[in-house]
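Before any comments, here is the structure.
The values are calculated or read from the model by the stated rules, or taken from the named source; none is laboratory data. All values derive from a computational prediction rather than experimental measurement. Glycine also receives a Cβ, built like all others from the backbone with ideal geometry; neighbour counts cover every protein chain displayed.
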Amino acid sequence: MSVQLSIGSGASGFEEPLERVVADHVASRIFERDAALWGPAAEAEAAIRLGWTAFSRSARGLIPRIEELRGELLESGVDRFVLCGMGGSSLAPSVITRWAGVELTMIDSTHPDAVRRVLDASQLPRTAVIVSSKSGSTIETRSHLAAFEHAFRSVDIDPAERIVIVTDPGSPLDGESRAAGRRVFNADPLVGGRFSALTAFGLVPSGLAGADVRALVADAERERDGLGDDSPENPALRLAAAIAGGLPARFVLAVSERPGAEWGLGAWIEQLIAESTGKDGEGVLPIALPADAPEFDAPPANTVRVRVGAEAPETEEGWDVAVSGTLGAQVLLWEVATAVLGRLMRIDPFNQPDVEAAKVAARAALADASAQRGGGAASPAAEELAAALRAAVPEGGYLAIHAYLDPAGPQTTALRRLRDRLSRSLGVPVALGFGPSYLHSVGQLHKGGPALGAFLQITEIAERDLMIPGAESSFGALIAAQARGDREVLVARGRPVLVLQLPHGEDGPLRELLAAL
């Protein structure tokens, strides 16, 4: 096998769970689509979520269509590709295109500045837009679609010629797109979003942008038999056992990528594992971190250090778990390991029961005029906030920063410095996620996982708002409602939430908090 896994002395306790999954023939049963693996309560959901194990069959018919459409678009002068998608619809293409070294412009934010930037009128003549939504009703993606349709018409470009749809067959987006004459790629409805990297949701945007998706799929296919082998040498079984062996105390995975392989794989792993395992009061929380993050120098007691990337050196010291191999091989490895981990944790890895709560609360907040500006919560002074943060994190827990800001905005550098400072100061793992994107990634774990998180929500007042075409609300109102909705659900679940509101585009309060820490 090209994929390699090493387990250090810090990841003890994996032998017993490894023996159990080998004896229960878990690996082979996953590829046989045995929906009974996760218990009677999960069987109905699992029965319609195991299509990812047969990825190569659908890919063979899909890839020629992708290549043909890319050729047509390039011939017509289109060489800029924008992806509108959330969660599994955006994270996998982001990894694949970075691995391939090709450009794909992403929009997974509802911040007005982020949306306005991708709508740059000067770039529209050379732009094609891929709109990806499994359900066909994701509010962020629907809003982006409306914005691009309006933008194309404003420069006399037929939107149907430039908008490509990826969705499940029969979704609202599927029917209306076919009626509108858009190009539509249907995904396999038997694959959940976070397991969709090797399906249409991962392959269509990446292939249109120029990634060699044939090589990606071929690499994964070469690993398939080995990852389905009921052997103690199966790296997927060993990976799942190494993670499960530390639970519940060591539930945080600090994930770093090797130099030269900064593909963003850690962010994809965050969603795959957190959304799959974070429920019923249980959960594993991966946090994608730079190599110089404090969590690696002085790892908190609840943290497992994980190294991922391309070919590893013969010896790699200082890591509890190290994974190497081609991207396609690692994608399939982590998917299988996550399904095995669900078995070991006795949870359904394919559902997400707490995700809808934040969506419902956001819709209610959107209808409330008081939520239209910034999120509606006062900010404490820096010294007071620093003290409150020190007191808020439960013993053995973590802190998550939820930044409802422009991910490429002027506060990003200060945010990353703040994350590092908080980890050093508090001695706990600290996650940084941009809203609303993280709601489709680790949001399930924050609400349904272990009650060990504290949350710092950072918002700002949008000075230059942007209306959503065809809607009564704006992107500024939407992102404020999403922040308020998530905060209300976290508080209702008994999670401590602190709020810091920034002036638009300014990082002064962040620097003050850095000084106070």
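Quick check on R238: is it in contact with a strand residue (DSSP E or B) (Cβ under 9 Å, 6 or more places away or on another chain) and among the basic types (K, R)? If you could, list the steps in order and put the result at the bottom.
Numbers: in contact with a strand residue (DSSP E or B) (Cβ under 9 Å, 6 or more places away or on another chain): yes; among the basic types (K, R): yes.
Against the criterion (in contact with a strand residue (DSSP E or B) (Cβ under 9 Å, 6 or more places away or on another chain) and among the basic types (K, R)), R238 qualifies.
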### Query
Does R305 meet the test of being surrounded by fewer than 15 Cβ atoms within 10 Å (Cβ to Cβ), of a type outside the set (G, A, S) and modelled with pLDDT of 80 or more?
no
### In the stretch 96-141, the residues that are within 14 Å of H440 (Cβ to Cβ) and among the basic types (K, R)
K134
### Sole residue being part of a helix (DSSP H, G or I) and in contact with a strand residue (DSSP E or B) (Cβ under 8 Å, 6 or more places away or on another chain), chosen from L208, L203
L208
### Message
V204 - would you say it is in contact with a Leu (Cβ under 8 Å, 6 or more places away or on another chain), in the same structural domain as L62 (by TED's automatic domain parsing), over 27 Å from L253 (Cβ atoms) and of a type outside the set (K, R)?
### Response
yes
### Message
Here is a list: T97, T105. Which entry is surrounded by 20 or more Cβ atoms within 10 Å (Cβ to Cβ) and not assigned by TED's automatic domain parsing to the domain that holds G325?
### Response
T97
### Query
Is there any pair with a first residue in the stretch 497-517 that is over 22 Å from D486 (Cβ atoms) and in contact (Cβ under 8 Å) with a residue 24 or more places away in the chain and a second that is of a type in the set (D, E) and surrounded by fewer than 18 Cβ atoms within 10 Å (Cβ to Cβ) whose Cβ atoms are under 6 Å apart and which are 6 or more apart or on different chains, and what are they?
A516/E383
#### Entry: Residue tally, condition surrounded by fewer than 19 Cβ atoms within 10 Å (Cβ to Cβ) and either small (G, A, S) or under 18 Å from the mean Cα position of the chain (by Cα) (or both), over the stretch 109-132
2
### Message
Take the residues in the stretch 133-150 that are over 21 Å from P189 (Cβ atoms) and of a type in the set (G, A, S); name whichever of them is surrounded by the fewest Cβ atoms within 10 Å (Cβ to Cβ).
### Response
A146
### Unmet criterion (only one of (1) part of a helix (DSSP H, G or I); (2) at pLDDT below 95) for L239
(2)
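Got at least one residue in the stretch 180-191 being part of a helix (DSSP H, G or I), farther than 19 Å from P93 by Cα and more than 26 Å from the chain's Cα centre (by Cα)?
So the first thing to find is which residues in the stretch 180-191 are part of a helix (DSSP H, G or I), and the list is 180.
Filter again for farther than 19 Å from P93 by Cα, leaving 180.
Next cut, more than 26 Å from the chain's Cα centre (by Cα) only: 180.
For the stretch 180-191, residues part of a helix (DSSP H, G or I), farther than 19 Å from P93 by Cα and more than 26 Å from the chain's Cα centre (by Cα): present.
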#### Entry: Sole exception among (1) farther than 27 Å from A515 by Cα; (2) at pLDDT 95 or above; (3) part of a loop (DSSP other than H, G, I, E, B) for L490, by number
(3)
### Task
Provide a single number: the residues in the stretch 228-284 that are of a type in the set (D, E) and crowded, with 23+ Cβ neighbours inside 10 Å.
2
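Has the stretch 449-464 got any residue that is surrounded by fewer than 18 Cβ atoms within 10 Å (Cβ to Cβ), assigned to a helix (DSSP H, G or I), out of contact with any helix residue (DSSP H, G or I) (no Cβ under 8 Å at 6 or more places or on another chain) and β-branched (V, I, T)?
From the stretch 449-464, those surrounded by fewer than 18 Cβ atoms within 10 Å (Cβ to Cβ) are 451, 461, 463-464; that's our starting set.
Within this subset, residues satisfying the condition of being assigned to a helix (DSSP H, G or I) are none.
No, every residue in the stretch 449-464 fails to be surrounded by fewer than 18 Cβ atoms within 10 Å (Cβ to Cβ), assigned to a helix (DSSP H, G or I), out of contact with any helix residue (DSSP H, G or I) (no Cβ under 8 Å at 6 or more places or on another chain) and β-branched (V, I, T).
Residue-by-condition table, conditions (1) assigned to a helix (DSSP H, G or I); (2) in contact with a Ser or Thr (Cβ under 8 Å, 6 or more places away or on another chain):
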residue: I63; (1), (2): yes, no
residue: L69; (1), (2): yes, no
residue: L74; (1), (2): yes, no
residue: S90; (1), (2): yes, yes
residue: S94; (1), (2): yes, no
residue: R98; (1), (2): yes, no
residue: M106; (1), (2): no, yes
#### Entry: Residue among L62, L18, L73 that alone is surrounded by 14 or more Cβ atoms within 10 Å (Cβ to Cβ) and closer than 30 Å to D320 by Cα
L18
### Query
Out of curiosity, is P394 assigned to a loop (DSSP other than H, G, I, E, B), surrounded by fewer than 16 Cβ atoms within 10 Å (Cβ to Cβ) and either touching a Pro at 6+ places or on another chain (Cβ under 7 Å) or at pLDDT below 90 (or both)?
no
### Task
Go through the stretch 115-171 residue by residue and tally those that are assigned to a strand (DSSP E or B), small (G, A, S) and more than 15 Å from G77 (Cβ to Cβ).
1
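So which residues in the stretch 33-53 are touching a residue at least 12 places away in the same chain (Cβ under 8 Å), part of a helix (DSSP H, G or I) and of a type outside the set (S, T, Y)? Quick ask: steps written out before the conclusion?
Let us first name the residues in the stretch 33-53 that are touching a residue at least 12 places away in the same chain (Cβ under 8 Å), namely 33, 35, 37-39, 41-42, 45-53.
Checking which are part of a helix (DSSP H, G or I) leaves us with 35, 37-38, 41-42, 45-46, 51-53.
A35, L37, W38, A41, A42, E45, A46, G51, W52, listed by residue number.
So which residues in the stretch 117-160 are charged (D, E, K, R) and without any contact (Cβ under 8 Å) to a residue 60 or more places away in the chain? Break it down stepwise before answering.
Step one: of the stretch 117-160, the residues charged (D, E, K, R) are 117, 120, 126, 134, 140, 142, 149, 153, 156, 158.
Within the stretch 117-160, D120, R126, R142, R153, D156, D158 qualify.
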### Residue ID - nearest to the chain's Cα centre (by Cα), chosen from residues in the stretch 359-374 that are at pLDDT 75 or above and part of a helix (DSSP H, G or I)
K359
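For the condition in the same structural domain as R126 (by TED's automatic domain parsing) and out of contact with any strand residue (DSSP E or B) (no Cβ under 7 Å at 6 or more places or on another chain), what is the one hit in R20, R80, R70, R33?
On the way: R20 fails: in the same structural domain as R126 (by TED's automatic domain parsing); R80 fails: out of contact with any strand residue (DSSP E or B) (no Cβ under 7 Å at 6 or more places or on another chain); R33 fails: in the same structural domain as R126 (by TED's automatic domain parsing).
It is R70.
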## Note on the structure
The condition of being touching an Asp or Glu at 6+ places or on another chain (Cβ under 8 Å) and closer than 21 Å to D465 by Cβ holds, among D120, D108, only for D108
